[in-house]
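**Student:** Sharing a structure, written as structure tokens. Questions coming.
The values are calculated or read from the model by the stated rules, or taken from the named source; none is laboratory data. It should be emphasised that the depicted structure is a prediction, and the values quoted were computed from it without experimental measurement. Every residue, glycine as well, gets a Cβ built from its backbone with ideal geometry; the counts of neighbours run over all protein chains shown.
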Amino acid sequence: MTMTEPAAPAETRTAPAAGDVIAATCPICATDYSYPDGISTRERKICPNCGASGRSGSIVRHVCQAIYGEDKPLFSQQPRKSARVIGLSDGMVYAKPFGEYFNYTNTFYHKPPKLDIRDPEPDFCGIADVLINSEVFEHVIGDTQSAFDGTLKVLKPGGTMVFSVPFVNREGSEHYPGLTDYTPRTLDDGRTVVDLVFADGRRKTDESPKFHGGPGLTLELPMFSRKRMLDELTAAGFVDITIHDDNLPQHGIVWPPLSRMVTARAPQEPPRPARRGNLLSRMLGRG
């Protein structure tokens with residue numbers, strides 16, 4: 001197992017200096033454009049043609065590298081329908097072209113095609129060359145380790161996960177330890193609160209919840225730390241785990257302090273259980 005946080009040339013590690021205008025090429029549609037320095041592009045629709053943000057452009061860039069083995073925009077490539085790609089609630093800015101270029105399925109937790117990544121159905125196991133999992137695991141109820149374990153089950157041997165989740169470099173936190181269910185509710189004054197149910201039977205209402213995608217849509221549950229994320233990826237059995245810390249302004253990718261894109265691979269062969277005879281020999285001091 002390797003964990004790498006690659007060093008890059010100095011010019012790609014930080015955002016451009018104040019006053020500059022940055023020339024960039026979109027990793028999705030190959031459009032050349034420019035944008036002002038000093039902005040985070042993570043969720044900003046930075047490409048004037050396809051509307052790609054920095055995060056969506058980074059996702060597509062890593063998917064293309066996994067499938068084609070080169071750093072070229074998606075629209076500069078030929079379709080490869082033999083490549084099986086699975087998404088978890090992917091954004092339409094890249095889901096639509098992925099459907100045209102790959103054997104692609106965008107799955108969901110609450111509607112068809114359904115995929116509970118914590119416990120994938122047999123039909124989803126061992127099928128994906130690439131699985132995209134961006135801004136999903138911070139909404140998982142309960143043990144997030146099961147979600148990393150499930151992701152590995154969906155991938156083919158040697159398959160790639162393209163992953164992002166908000167994380168911090170300090171210790172992370174669990175907003176609602178022991179939570180089993182929640183229901184958003186809108187009050188008469190327009191505020192959205194959330195009713196929480198816990199494993200020990202407790203019920204409470206959070207009047208200041210943090211939602212992603214707007215009030216009442218998806219509740220943020222854990223806040224990952226970098227260490228927790230790496231620990232859970234490693235425990236699941238992933239190899240070649242890489243946190244892509246670098247800004248790539250030439251691709252319209254400039255990160256804020258929280259979150260980076262992560263790639264990790266399923267091992268080529270699953271770990272083999274120890275042979276019983278060898279285990280007994282070791283226990284008896286003969287191995």
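**Student:** Please go through the range 86-112 and give me each residue that is more than 17 Å from residue 64 (Cα to Cα), surrounded by 15 or more Cβ atoms within 10 Å (Cβ to Cβ) and among the aromatic types (Phe, Trp, Tyr), ordered by number.
**Tutor:** Once the filter is applied, which keeps residues that are more than 17 Å from residue 64 (Cα to Cα), surrounded by 15 or more Cβ atoms within 10 Å (Cβ to Cβ) and among the aromatic types (Phe, Trp, Tyr), the range 86-112 yields only 109.
**Student:** Related question: I'm trying to understand the selection: among the residues of the range 37-68, which are over 21 Å from residue 260 (Cα atoms) and either without any contact (Cβ under 8 Å) to a residue 24 or more places away in the chain or not assigned by TED's automatic domain parsing to the domain that holds residue 251 (or both)?
**Tutor:** Correct list: 48, 49, 68.
**Student:** Counting just the residues of the range 39-72 that are of a type in the set (A, V, I, L, M, F, W, C) and farther than 20 Å from residue 242 by Cβ, which one comes out surrounded by the fewest Cβ atoms within 10 Å (Cβ to Cβ)?
**Tutor:** Checked the range 39-72; the qualifying residue surrounded by the fewest Cβ atoms within 10 Å (Cβ to Cβ) is 39.
**Student:** Do you know which of the residues in the range 26-38 that are assigned to a loop (DSSP other than H, G, I, E, B) and not charged (D, E, K, R) is surrounded by the most Cβ atoms within 10 Å (Cβ to Cβ)?
**Tutor:** 27
**Student:** Another one. Could you list, in sequence order, the residues of the range 1-34 that are at pLDDT 95 or above and not β-branched (Val, Ile, Thr)?
**Tutor:** Passing the criteria: 23, 24, 26, 27, 29, 30, 32, 33, 34.
**Student:** Ok, one more. Looking at the range 86-99, can you tell me whether even one residue there is among the charged types (D, E, K, R) and not in a loop (DSSP other than H, G, I, E, B)?
**Tutor:** Looking through the range 86-99, at least one residue is among the charged types (D, E, K, R) and not in a loop (DSSP other than H, G, I, E, B).
**Student:** For the range 113-147, give me each residue that is exposed (fewer than 15 other Cβ atoms within 10 Å of the Cβ), touching a Ser or Thr at 6+ places or on another chain (Cβ under 7 Å) and either outside the structural domain of residue 85 (by TED's automatic domain parsing) or not in a loop (DSSP other than H, G, I, E, B) (or both).
**Tutor:** The answer is 114, and nothing else.
**Student:** Another question about this same structure. Name every residue in the range 222-245 that is closer than 18 Å to residue 141 by Cα and under 13 Å from the mean Cα position of the chain (by Cα), in order of residue number.
**Tutor:** Result: 224, 229, 233.
**Student:** Residue 196 fails exactly one of the following numbered conditions: (1) surrounded by fewer than 20 Cβ atoms within 10 Å (Cβ to Cβ); (2) modelled with pLDDT under 80; (3) in contact with a strand residue (DSSP E or B) (Cβ under 7 Å, 6 or more places away or on another chain). What is the number of that condition?
**Tutor:** Every listed condition holds for residue 196 apart from (1).
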